[in-house]
Amino acid sequence: MLTLNKSGKISGICQVPGDKSISHRAVMLAGISQGATRIRGFLNGDDCLSTLRCFQQMGVAVEMKQEEMIVTGRGLAGLREPDDVLDAGNSGTTMRLMSGILSGQSFMSVVSGDASLRSRPMERIALPLRLMGASIDGRDGGKRAPLVIRGGGLKSIEYTMPVASAQVKSAVLLAGLYASGTTTVIEPRASRDHTERMLAAFGAQISIDGLTKKIVTTELKGTEIEVPGDISSAAFLMVAAACLPESHLTLKSVGLNPTRAGIITVLQNMGADIEIVNLRTNGGEPIGDLIIRGSALHGTEIGEDLIPSLIDEIPVLAVAAACASGETRITGAQELRVKETDRISAMAEELGNIGVTVDTLPDGMVIQGPQKIRGGMTHSHGDHRIAMAMAIAGLMSESPLSVQNESCIAVSFPGFEKTLRELVVSK
Ligand code: S3P
């Protein structure tokens, strides 16, 4: 159990762990490329370790040399048939992106995961991958994992995506590496574009015209990847520093890809004092240091256009909304209902447990602030982002706040508790 007390401020300098989305992609693209890829800053979180184990199971060699991970790729068609079920654990990114790659392999594979992942929708990737020629079976009429994939002989498609999802887009683009002809994906709104950027870095022939992405088959070449700090992990500390007056926090080397940086825009709209310094680019990804000073926050509106750029940050934004004066209205976020848990009802329930009233909507929530955070017992629902959002609420609560079943935090932010305790200045 993790217990937090009211804190005066957050102060110091910190480097958050590597970006989860980029770490997954680095291992996957390295595994199907030719030659060695050197990865620095890989996230040693449970989700990315699931990806790593799956690719090792398919014959990809991985070696650690000091700070670097060296992955020796087997080329596009060189993966080995896995001799057992590929276990994606709690990771939707592992299951969905890897299914795109497995659809291009001429062997059979079975992909499964934990109870949360087995309950999440997989039809969104199975449908386009079947259109490309893969055979994908699964529970619930092929809609849920375990998935049985028989790949090979793919043909290209033009696919207009019904939901803005980077995982669906990436699964189709990765399968497109194996298809005859040009594979086209058209997004309804811009989702995170790490796959596109990294494919280009590995030498893929990918072209981008607004929301339309096209790819043709090419062998990939190993490269060097520097994984920036994860803005989705930084978000918890950003909200803590923004809400606690007199805070002064520097977060070093955070990934600032515009398709991920919605949290900065929204916190600034709420009156937060956030400065970006030392802006640079590495491996096609913008990186910078963030300086956050505590200030009085006010409510805001977050609509569907911004949602894909901050989808994973909404649990902690709900905590910021409880501390801010006035109404915060979040809409167009129905995807939250199919994350590691239903994050709309989980946040409403857990904030309710500590005295904060949340009005839920089918696609979001409305929070009137400021509300007194009472403290007490909360539960993670086995979801890393719920656990960390509630821990941040603990820094603002009247009496101690505990989070039960918090071990899931290791999915994306190993060392979260230690990092937080080092930055907290007691009241
Ligand atoms: C991710 C995409 C997002 C995000 C998830 C990671 C990725 O999901 O919520 O945590 O790495 O591609 P969508 O597929 O809904 O965009």
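Where a number appears in this text, it was derived from the coordinates with a stated rule and is not lab data. Since the structure is predicted, the reported quantities are computational estimates derived from the model, not experimental observations. Reconstructed Cβ throughout: ideal geometry from the backbone, glycine too, with neighbour counts over all protein chains shown.
Once the other residues with Cβ under 13 Å from the Cβ of Gln268 are scored (Lys, Arg +1; Asp, Glu -1), what is the net sum? Summing Lys and Arg as +1 and Asp and Glu as -1 gives -1. By the Stokes-Einstein formula, at 1.306 mPa s and 10 °C, region 377-427 with its Kirkwood radius over alpha-carbon pairs has D equal to 142 µm²/s.
Note that region 393-403 has calculated 3J(HN,Hα) couplings of 4, x, 5, 10, 8, 4, 10, x, 10, 10, 10 Hz, one per residue in order, obtained from phi through the Karplus relation 6.51 cos²θ - 1.76 cosθ + 1.60 (θ = phi - 60°); glycine and proline are x. Mean residue ellipticity, 222 nm, helices only, the chain: the sum of -39500 (n - 2.57) across DSSP H runs of n ≥ 4, divided by residue count and rounded to 500, is -9000 deg cm²/dmol. Taking each of Lys143/Lys221; Lys155/Lys213; Lys214/Lys252; Lys143/Lys213; Lys6/Lys339 in turn, the alpha-carbon distance tops 24 angstrom for Lys143/Lys221; Lys214/Lys252; Lys143/Lys213; Lys6/Lys339. Summing charges over all other residues whose Cβ lies under 13 Å from the Cβ of Leu52, with Lys and Arg as +1 and Asp and Glu as -1, gives -1.
Comparing Cα centroids, region 89-154 and region 201-249 end up 24 angstrom apart. Compactness of region 255-343 is given as radius of gyration and Dmax, 13.8, 41 Å, from Cα positions. Remark: the Cα gyration tensor places region 271-427 in the rounded category, a/c being less than 1.5. Here the 3J(HN,Hα) profile of region 170-181, calculated from phi with Karplus coefficients 6.51, -1.76 and 1.60 at θ = phi - 60°, is 5, 4, 5, 5, 5, 5, x, 4, 10, 8, 6, x Hz, Gly and Pro shown as x.
Taking amide hydrogens as placed 1.01 Å from N in the peptide plane, the amide H of Ile225 sits under 5 Å from those of Arg38, Ile39, Arg40, each at least 5 positions away in sequence or on another chain. Backbone geometry of region 88-96 corresponds, through the Karplus equation with coefficients 6.51, -1.76 and 1.60 at θ = phi - 60°, to 3J(HN,Hα) couplings of 8, x, 9, 9, x, 5, 4, 5, 6 Hz, x marking Gly and Pro.
Enclosing the Cα atoms of region 1-82 in their convex hull gives a volume equal to 118 cubic angstrom per residue. The shape of region 83-138 comes out oblate: with a ≥ b ≥ c from the C-alpha gyration tensor, a/c is at least 1.5 while a/b does not beat b/c. Database remark: amide H of Gln15 closer than 5 angstrom to the amide H of Lys252 (H placed geometrically; neighbours at sequence offset of 5 or more, or on other chains; Pro and chain starts carry no H).
The value given for region 37-160 is a Kirkwood hydrodynamic radius of 15.0 Å, derived from the mean inverse Cα-Cα separation. Ordering Gly352, Gly369, Ser397 by the projection of their Cα atoms onto the charge dipole of region 327-397, which places +1 on the Cβ of Lys and Arg and -1 on the Cβ of Asp and Glu, puts Ser397 at the extreme positive end. Annotation: aspartates and glutamates with alpha-carbon distance below 14 angstrom to Lys169 (same-chain offsets under eight excluded): Glu123, Glu158, Glu187, Asp193, Glu196.
Summarising the amide proton neighbourhood of Glu246: residues at separation of 5 or more, or on other chains, whose placed amide H is nearer than 5 Å comprise Gly294. Net charge in the neighbourhood of Ala322 (other residues with Cβ under 12 Å of its Cβ; Lys, Arg +1, Asp, Glu -1) is 0. Let me know the shape class of the chain, please: from the alpha-carbon gyration tensor, a ≥ b ≥ c as square roots of the eigenvalues, rounded when a/c is under 1.5, otherwise prolate if a/b is greater than b/c, or oblate. Note, shape of the chain comes out prolate.
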